[in-house]
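What follows is one structure encoded as structure tokens, with my remarks underneath.
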Amino acid sequence: MEEILKNSKTSSSSSFSVLVNDQEKMNKKIDELIATLPVDSEGSVPLYQLKGCWYPFFAIRGNIAADLHFQAQDSDIFLASPPKSGTTWMKALIFSIVNRNRHPPNENPLLTTHPQNLIQYIEFRHYLNGNIPENLDQLPKPRLFATHSHYASLPHSITHSSCRIVYICRNPLDTFVSLYHFLRSSEKIQQDMDATYEKYCRGTIHFGPFWDNILGYWRASLEKQEKVLFMKYEDLKEDIVFEMKRLAKFLGFPFSVEEENEGLVEEISRLCSFENLKNLEVNRTHKPYREGGVSANAFYRKGEVGDFVNHLNPSMVENLMKITQEKFAGSGLVFKYSLDKLQNS
Ligand code: A3P
């Protein structure tokens, strides 16, 4: 086991100096690396640990392939997040802000397309199963991508170029509750909440440990403010207009005074709001949002801050708060747990 861990830690992306463009070679390299990785088979799907991040089986091959093949462009925009942190909302916002001249709110593709299909995950859509994609150069500029990887396990080309990364996260209690419900519906397994909770606390959960996922981007955002924008779900809930302006400026698409005076920021915020998106036909259907995907409506549940109080008992709350305080100690990171009380950790 020690040997396996040693291998996985030393298998850094920088060790792959030559890009792999041949699918056969790619498959071989992926198989070789995967054979060295720690595996957790306790949950509903096997998880593989690479550079500290636990990848579900459907994302590990794609992450390695992207590391070996993806060429970031300086104009690229990446949305990074732990699962169930408001990714769908941010996909809608980023797409609408960046494309507002091409698609004004009343003709926005969001009206007929699920946000998950407007910005695709690099590790389990573009490079699904380790397949080398052919069409990345044809994507409209700026190219928009999403990822759940930790900062330390991002494909090399993303961290070593001038592309921008927006990170969204959410307090660990609401994230857990949202994840629990999503896994139950998406993996079609009646998961026991206690078992999922234990795995979440231990970190062996999709793209976990949750705290490491957050800390990597938090530190990167402090060191490289022009590269990483760190955002929180609770802040967006509290003041969407302020957060959207901050986001648009970071992305290089600031709102002009005229646009602000015309109420465009508010208009886009209404288009991307939970209530609006949830009720659109494309999002409220039980049908999969893409072939083989989960139900479109699984991405919209309650959309509230503080819903954890309805699902977690006091000892679960206390324990998660304690882990969070320990993990984030000295980082300067705090989360709001309820917008009413504006409590901080
Ligand atoms: P809940 O399960 O707490 O309701 P992700 O998009 O990362 O998968 O996160 C899903 C969570 O974001 C779910 O939280 C979902 O309801 C919420 N959500 C989805 N769209 C939203 C929106 N437009 N505004 C606010 N919250 C949204």
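The values are calculated or read from the model by the stated rules, or taken from the named source; none is laboratory data. Since this is a predicted model, take the numbers as computed values, not measurements. Note that each Cβ is placed from the backbone with ideal geometry, even for glycine, and that neighbours are counted across all protein chains shown. To get the accessible areas, we keep the full protein, side chains included, count just its heavy atoms, and leave off ligands, DNA and RNA. Shrake-Rupley method; radii C 1.70, N 1.55, O 1.52, S 1.80 Å.
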Segment 48-75, residues that are over 16 Å from GLY130 (Cα atoms) and touching a strand residue (DSSP E or B) at 6+ places or on another chain (Cβ under 6 Å): TRP54
Under the condition of being among the hydroxyl-bearing types (Ser, Thr, Tyr) and in a helix (DSSP H, G or I), which residue from segment 156-172 is modelled with the lowest pLDDT? SER157
Kindly list the number of the only condition in (1) at pLDDT 95 or above; (2) within 16 Å of the ligand (Cβ to nearest atom) that fails for PRO105. (1)
When you go through LYS322, LYS278, LYS327 one by one, which is the residue that is in contact with a Lys or Arg (Cβ under 9 Å, 6 or more places away or on another chain) and either open to solvent by 80 Å² or more (accessible area, probe 1.4 Å) or in a helix (DSSP H, G or I) (or both)? LYS278
Evaluate segment 32-47: report whether one residue or more is among the small types (Gly, Ala, Ser), within 16 Å of the ligand (Cβ to nearest atom) and under 27 Å from PRO115 (Cα atoms). no
All conditions in (1) assigned by TED's automatic domain parsing to the domain that holds GLN138; (2) surrounded by fewer than 24 Cβ atoms within 10 Å (Cβ to Cβ) are true of GLN23 except (1)
Cβ-Cβ under 7 Å, sequence separation 6+ or interchain: first residue in segment 112-141 and within 16 Å of the ligand (Cβ to nearest atom) and open to solvent by less than 40 Å² (accessible area, probe 1.4 Å), partner among the charged types (D, E, K, R) and part of a helix (DSSP H, G or I). Which pairs? PRO115/LYS91; GLN116/LYS91; LEU118/LYS91; ILE119/LYS91
Considering only segment 219-236, I want to know if a residue exists there that is touching a Cys at 6+ places or on another chain (Cβ under 7 Å), among the aromatic types (Phe, Trp, Tyr) and closer than 18 Å to LEU154 by Cα. no
Hey, could you check segment 45-88 for residues that are open to solvent by 20 Å² or more (accessible area, probe 1.4 Å) and hydroxyl-bearing (Ser, Thr, Tyr) and say which is farthest from the chain's Cα centre (by Cα)? SER75
Of those in segment 289-319 that are over 21 Å from VAL177 (Cβ atoms) and either away from the ligand (no atom under 15 Å from the Cβ) or open to solvent by 80 Å² or more (accessible area, probe 1.4 Å) (or both), the residue modelled with the highest pLDDT is GLU291
